[in-house]
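Reading through the structure tokens given below for one structure.
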Amino acid sequence: MSRPEPVHLLNDLRELKLPAFAEHWSRVADEAQRNRGSHADYLADLAHLEVNGRRERRIARRIKEARFPILKTLDAFDFAAQPEFDKDAILELATGDFVDDRANAVLLGGVGTGKTHLATALGMACCQQGRRVRFLTAAELTNALVEAKAADRLSRKLEHFARFELVILDELGYVPFDRVGADLLFSFVTRVYERRSLLVTTNLPFGRWSEVFHDVTAAAAVIDRIVHHATVLQTGGDSYRLKDAKRRGGRRQEVTSG
Ligand code: ADP
Ligand code: MG
């Protein structure tokens, strides 16, 4: 049924920033009339639509702002492929409580063992909870800080990153930093220490971090701050892609031989 629009209604709803009211008032009014709902029910239904819409828009904003390279979820992670892996610890991280506690997490393992997948999925879970997350590689962060320093904007840049409740630093250890980069990364870690959460993925056991920091003392200081309140998880040594390809290759062989 199309209803006459009360004067000012849409303008007022727009001014109040209530897009779901504006979109659904007429349809929900029809439903209320059919179901003999009360005015209170009508108002409650519209308010509920508005709140849900707002929550979804906020989550979408959070996910966009996080700049994940690709969207990955925990549902798509095959825990059975890595039986030695501590699934409960991941599910605990996915509650986001560690972010409330300003604690950190480190995912440590070889190439292709699911570190980036898990880090993204955990970041997505935090976004779903309405938290502010930023995903970037350790090299991207360092480059951004080096550029900011050159432009005399370092403190503003550090301030920018410290606005996120969770910063995911992917691929620490893949590319070594020069001394300036290492110092800036150290400044960053010191800046967020006990104020924000870090989720670091790395292929390097802690004993080898000095290789990327060029300096044993700096490496030890960074590790100390990150690991002080951290969940450290090993993702294993074998590449999932390799295992998956072998598994599928094996199945194909069975088919051809049968
Ligand atoms: P890493 O960051 O450790 O090098 P990735 O997270 O990039 O590894 O994983 C490589 C690819 O394999 C990705 O496409 C990822 O989604 C997939 N992958 C890895 N481990 C698993 C798993 N246990 N279940 C499902 N997909 C996985
Ligand atoms: Mg990766």
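What the table below lists for this structure:
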read-out: Pairwise Lys count, the chain - Cα closer than 15 Å, eight or more residues apart or different chains; value: 4
read-out: Rounded to the nearest 10 Å², the accessible area of His8 at probe 1.4 Å; value: 120 Å²
read-out: Tilt relative to the chain, helix 179-192 - C-alpha long axis, 0 to 90 degrees, to 10; value: 50 degrees
read-out: For segment 126-159 and segment 221-241, distance of Cα centres in Å; value: 21 Å
read-out: In sequence order, calculated HN-Hα J values of segment 136-142 (Karplus, 6.51, -1.76, 1.60; Hz; x Gly/Pro); value: 7, 6, 4, 5, 4, 4, 4
read-out: P(r) tail fraction, the chain - alpha-carbon pairs more than 30 Å apart, %; value: 45 percent
read-out: Acute angle (nearest 10 degrees) that the helix 240-257 long axis makes with the longest principal axis of the chain, alpha-carbon atoms; value: 90 degrees
read-out: Mean Cβ neighbour count within 10 Å, used as a protection proxy, ranking 76-85, 89-98 highest first; value: 89-98, 76-85
read-out: Within the accessible area of segment 101-175 (1.4 Å probe), percent carbon and sulfur; value: 45 percent
read-out: Amide proton proximity set for Leu199, modelled H, under 5 Å, gap of 5+; value: Ala105, Val167, Ile168, Leu169
read-out: Between segment 7-84 and segment 88-105, the alpha-carbon center distance in angstrom; value: 27 Å
read-out: Per residue convex hull volume, Cα atoms of segment 53-119, in Å³; value: 120 Å³
read-out: Rg/Rh for segment 1-54, where both radii come from Cα atoms and Rh is the Kirkwood radius; value: 0.96
read-out: Derived scalar couplings ³J(HN,Hα) [segment 45-58; Karplus, 6.51 cos²θ - 1.76 cosθ + 1.60; whole Hz; x for Gly, Pro]; value: 4, 5, 4, 5, 4, 5, 5, 4, x, 5, 4, 5, 5, 5
read-out: DSSP beta bridges in the chain [antiparallel fraction, %, rounded to 5]; value: 0 percent
read-out: Shape box of segment 1-122 [Cα atoms, principal axes, largest first, Å]; value: 65, 30, 27
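The values are calculated or read from the model by the stated rules, or taken from the named source; none is laboratory data. Predicted model, so just to flag it, every value in this text is computed and none were measured. Cβ: placed from backbone, ideal geometry, glycine included. Neighbour counts: every protein chain shown. Side chains included, ligands, DNA and RNA excluded: accessible areas come from the protein's heavy atoms. Shrake-Rupley method; radii C 1.70, N 1.55, O 1.52, S 1.80 Å.
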